[in-house]
Amino acid sequence: MSTRDLFTLRNSHFRTGVGITAAILVVTAIAGFIVLPFAQPWVQFAGVWDAICSAAGVPQRAASVTAPEQAKRLSEVVLTSNTLSRPSQEAIGRGATLAQRCAICHGPTGVSRADSPNLAGQYAAVIYKELHDFRSGARTNAVMSPFAVNLTDQEIADLSNYYAYLPRLPAYHPTPQLPKPNIVIYGAPMRGIAPCGACHGSLDNKTGSPWLEGQSEAYMKAQLHAFASGERRNDISQQMRNIARAMTPQEIEQAAAYYASQPPDVVKAVD
Amino acid sequence: MLVNRKLILAHFWLAFAVFGVALTLGAWQMFIRSPIGTWLSNPELYYRSLTAHGTVMGYVFPTLVAMAFGYAISESALQQRLVGVRWAWAGFWLIVAGSIMAVIPIALGRASVLYTFYPPLIGNVFYYLGVVLVVVGSWIWVALMSVNLRVWRKANPGAPVPLAMFANVAGSYLWAWTAVGAALELLLQIIPVAAGLKATIDAGLARIFFSWTLHAIVYFWLMPTYIAYYTIVPRAIGGRVYSDSMARIAFILFLVVSMPIGMHHTFADPQVGAGFKFIHSAFTALVALPTLLTVFTICASVEIAARLRGGRGMFGWIGALPWDNPMMLALAFSFVMLGFGGAGGLINMSYQLDASIHNTQWITGHFHLIFGGAIVIMYFAIAYDLWPHLTGRELIDIRLIRTQLWLWFIGMIVTTFPWHWVGILGMPRRMAYFDFGDPAIAPQALSVTLSAIGGFILLASGIMFIVILARGMRAPQIDAGPYRFALAVHQPTTVPVALNTHALWVALMIGLTLTNYGYPILNLALSSGTSVPAVYVGAQ
């Protein structure tokens, strides 16, 4: 018998091999696509074809369910780790001019004396995202929103690049450095809280997360409470709201006090 | 008839050298995340090490062992000089170049993506190119195995292909096809992003492509071990293979059913339909079949050896086995670990049971027990068995060899049993450190410590293995005679064409891949809005 006789129905091995394989495939397909979907009493199907499409993972939108209306605007900013990387000198210069109007709160050197965030040396992606959110209304603040509402995309990018370019200066009134509280380095795994340091530096840094060292304690505390109450909602996928909601008031105090007491020059050099 | 010994030795030595390095990294990883090590201040170092460990142990080491063993089988089973020796050397050097190219970005911390790539995490492009070169180098071996068999068939029309070569070529075809999944993922998705041509990637699709490779690759790792079970062990302990046909059927079944099952790795993934998950789960259950056939056939073959040595009674023959023979020892250890690992595997492939151990340390414990235990211990046995024929020198220290095998077995059990246990308790995998001071996980500290101690036993055994082989290069010269494979009780004189060729089974393998992967891949590839921004390693 030569290989030419292999793929014919006269060959019993061919019949058996292909037959058994096809039979197993058909049986498992019937079980997986028809029997098992209907075995779930909590799922309703319009018919067999609907069940098959569902089990196959065909993308479909249930016609009867409409997406809930968003009461408030959500952040639409898309950040990648390449956002605003390698700015030109001209962009930084334009940003410096624009930044004069920010200096009254954020300080002429980007270090605030008014419990506003210190922006000198903050990651460009962070400033970029917040300005966009203030402009779109995803984040609101009585003082900040009017400044942001008329900014163009170009101006937002320039401002972000300028502040990222400034050197990180020591905070205005640094307190003695506090030891790391548990919430910062371990989080609270039983309540689903990742360590602060997993995104905000000291352990790792994630795109869009600011470094917090030397920022105003009052500001950080206010933001954590705003996240917890849902008043602030421009965090992607509720990342910060989920964390802040699960934090105790003591942990919020500890985290804010700890970060405020750190000099910014300990910010991990990841950029 | 081993002619190209230098070629085979080069593959083995490179395999065992990189194995030694990766094993050391592995032991360090076990130590550093156990309570006996201090916390790493920089978790990135852990992932760097993990990437190197996985890349070497997953891609480079087993591939080189399969290639070396494959060349040895081709020459000694077919009794014919290897055709295409220059190509074989080209394949070897491609693997050397690929490994170096991949290891540099890993060492610099630019490719800490783990060997499973995990897009949207994107590392340095040279890491991926290095892996591609390793795969391309191994594909040369696949082609050579096919060519050599064809040359032999021309010279021996209609004759039964020796079992070792039949299985070896089946393994090479399995590798050729299963590597296509990761190759598609690398070439179509990851490398364009890593090279800066694109900034987004469909991570869900990438995971489907990778599952195409990730499960069947295990059976490619397994092939040399199974070939050793069938064709070396019975000869080494003075027995015969119980059934040549059963052996062929086992290898054929691996070819057909180890491919269309990879999605049991993605049970928790939302982008795959539940129906496909069920089909893959059912086919995964089928893959236990060739292993059960093998366990039966090998136990029967071993019993033949025992009875030939005068063993009597229902179980009395077990005592008559040559337990001081390293090959016997390796087989027994391998079967014990295969039994436990296989039982764990049945849990992993069950849709509901998987939910309790998915992404936990159970999984890492499982694949270390199966691959590092059941499979690698037979790699050792293969090397010990072939070494005198490759070097023309005797491996004198049988006692040391036995100690080495014992240590590997004990080390693997001590490492992986607590590892499974903490997985059941819910400890996640891929973590650089744990806070064992936290009352929630403090009770796991003892298990993890035991695991780490097992890791060091394994390291000691690995060092002994390399020392034994190195000393074997300088031992007194002997004439080891021709290298032979085990004979069957009934040596085949004619074999049905379906059991003597691979075409039908390769066709079924490809067919099942199309039915089980076709729709999920097309669905994701053609849907818009399924890509996410890439996350570059080391970028802020």
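Net charge around B:Tyr71, counting only other residues with Cβ within less than 14 Å of its Cβ (Lys, Arg = +1; Asp, Glu = -1)?
Result for the local shell: +3.
Can you tell me the orientation of helix A:153-165 relative to chain A, as the angle in degrees between its alpha-carbon axis and the longest Cα principal axis, to the nearest 10?
Between helix and principal axis, roughly 70 degrees.
What is the set of long-range amide H partners of B:Val532 at a cut-off below 5 Å, with H atoms built 1.01 Å from backbone N?
Under 5 Å from the amide H of B:Val532: B:Ile201, B:Asp202, B:Ala203.
State, in square angstrom and to the nearest 100, the accessible area buried between chains A and B, both chains counted, probe radius 1.4 Å.
In total, this chain pair buries about 2900 Å².
Enter the accessible area of B:Val136 (Å², nearest 10), with the probe set to 1.4 Å and all protein chains included.
Only protein atoms counted, so the area is about 60 Å².
Based on alpha-carbon centroids, what's the gap between region A:136-215 and region B:465-519 in Å, whole number please?
The two parts, judged by their Cα centres, are 60 Å apart.
List the residues of region A:70-111 that lose 30 Å² or more of accessible area once all protein chains are present, compared with their chain alone (1.4 Å probe, heavy atoms only, no ligands or nucleic acids).
Correct list: A:Thr80, A:Ser81, A:Asn82.
What FRET efficiency do you get for B:Lys154 and B:Trp13 if R0 is 35 Å and r is their Cβ-Cβ distance, rounded to the nearest 0.05?
Step by step, r from the Cβ atoms, then E = 0.60.
Considering the dipole of chain A built from charges on the beta carbon (Lys and Arg +1, Asp and Glu -1) around the Cα centre, which of A:Ser237, A:Tyr162, A:Pro87 is farthest to its positive end?
Value computed over the given set: A:Ser237.
Rounded to the nearest 500, what is chain B's calculated 222 nm mean residue ellipticity when only DSSP H runs of at least 4 contribute -39500 (n - 2.57) each, over all residues?
Result for chain B, helices only: -22500 deg cm²/dmol.
Does anything in region A:98-138 have its amide N under 13 Å from the 7 Å Cα→Cβ label point of A:Asn150, and if so which residues?
Counting backbone N atoms under 13 Å from the label point, the list is A:101.
Once every Cα of region A:3-56 carries one equal point scatterer and solvent is ignored, give the base-10 log of I(q)/I(0) from the Debye formula at q = 0.18 Å⁻¹, two decimals.
With no solvent term, the Cα-only Debye profile gives -0.63.
Between B:Leu526 and A:Arg15, how many nm apart are label points set 7 Å from Cα along the C-beta direction?
Distance between label points: 3.7 nm.
How much accessible area does B:Val21 have with a 1.4 Å probe, in Å² rounded to the nearest 10?
Result for B:Val21: roughly 90 Å² accessible.
How far, in degrees from 0 to 90, does helix A:12-30 lean away from the longest principal axis of the Cα atoms of chain A, to the nearest 10?
Once rounded, one gets 50 degrees.
How much FRET efficiency would the formula 1/(1 + (r/R0)^6) give for B:Met473 and B:Ala442, where r is the Cβ-Cβ distance and R0 is 41 Å, rounded to 0.05?
Efficiency computed from Cβ-Cβ geometry: 0.25.
Does the protein assembly as shown classify as rounded, prolate or oblate by the C-alpha gyration tensor (a ≥ b ≥ c root eigenvalues; a/c under 1.5 gives rounded; else a/b over b/c gives prolate, otherwise oblate)?
prolate
GNM on chain A, C-alpha springs below 10 Å: top fluctuator among A:Leu159, A:Leu178, A:Leu74?
Result for chain A, Cα springs under 10 Å: A:Leu178 fluctuates most.
Residues of chain B: accessible area per residue at 1.4 Å, in Å²? Please report the intermediate quantities before stating the final value.
On the way: 19600 Å² over 540 residues.
Using a 1.4 Å probe on heavy atoms only, each residue of chain B averages 36 Å².
Given Cβ point charges of +1 (Lys, Arg) and -1 (Asp, Glu) and nothing else, what value in debye, to the nearest 20, does the dipole of region A:89-165 about its Cα centre take? Please report the intermediate quantities before stating the final value.
Numbers: 6 positive and 7 negative charges, 31 e Å.
Once rounded to the nearest 20, the dipole reads 140 debye.
Could you please put B:Asp269, B:Asp479 in sequence from largest to smallest accessible area, using a 1.4 Å probe?
Output order, biggest surface exposure first: B:Asp479, B:Asp269.
Give me, ordered by chain and number, the residues 5 or more places off B:Leu121 or on other chains with an amide H under 5 Å from its own placed amide H.
Amide H neighbours of B:Leu121, under 5 Å, 5+ apart: B:Val535.
Just want to confirm a number: the relative contact order over chain B, from Cα pairs under 8 angstrom separated by 6+ residues, in percent.
21 percent
What do you reckon, how do B:Leu174, B:Leu407, B:Leu214 stack up by accessible area (1.4 Å probe), largest on top?
B:Leu407, B:Leu214, B:Leu174
Within the accessible area of the protein assembly as shown, what % is carbon and sulfur when the probe is 1.4 Å and the other protein chains stay in place?
65 percent
Assuming R0 = 25 Å, what is the FRET efficiency of A:Leu178 and B:Arg430, from their Cβ-Cβ distance, to the nearest 0.05?
It comes out at approximately 0.20.
Under 14 Å from the Cβ of B:Tyr433, count the other residues' Cβ atoms, weight Lys and Arg +1, Asp and Glu -1, and hand me the total.
Values: positive: B:Arg33, B:Arg429, B:Arg430; negative: A:Asp204, B:Glu44, B:Asp435, B:Asp438.
For residues surrounding B:Tyr433, the net value is -1.
Using the Cα centre of region B:5-536 as origin and beta-carbon charges of +1 (Lys, Arg) and -1 (Asp, Glu), tell me which of B:Val257, B:Ile463, B:Asn523 is placed farthest towards the positive end of the dipole.
Projecting each Cα onto the dipole axis, the largest value belongs to B:Ile463.
Angle, helix B:326-348 long axis vs. longest principal axis of chain B, Cα atoms, 0 to 90°, nearest 10?
That works out to roughly 40 degrees.
For A:Lys180, list the lysines whose Cα falls under 19 Å from its own Cα; do not include residues on the same chain fewer than 8 positions away.
Hits, sequence-local ones excluded: A:Lys221, A:Lys268.
Dipole size in debye (nearest 20) for the protein assembly as shown around its Cα centre, Lys and Arg Cβ +1, Asp and Glu Cβ -1?
Here the size comes out at about 1780 debye.
Return the average number of partner chain Cβ atoms within 10 angstrom of each residue Cβ along peptide B:274-285. Please report the intermediate quantities before stating the final value.
On the way: counts 9, 16, 6, 4, 9, 9, 2, 2, 7, 4, 0, 1.
Mean number of neighbouring Cβ atoms from other chains: 6.
Per residue, how much accessible area does chain A show when a 1.4 Å probe rolls over the protein heavy atoms, in square angstrom?
Normalised by residue count, the accessible surface of chain A is 56 Å².
The values are calculated or read from the model by the stated rules, or taken from the named source; none is laboratory data. Everything numeric here is computed off the predicted structure, so don't read it as measured data. Positions of Cβ are generated from backbone atoms using ideal geometry, with glycine treated the same way; all protein chains shown enter the neighbour counts. Remember, those area values only see protein heavy atoms, side chains included, never the ligands or the DNA or RNA. Shrake-Rupley method; radii C 1.70, N 1.55, O 1.52, S 1.80 Å.
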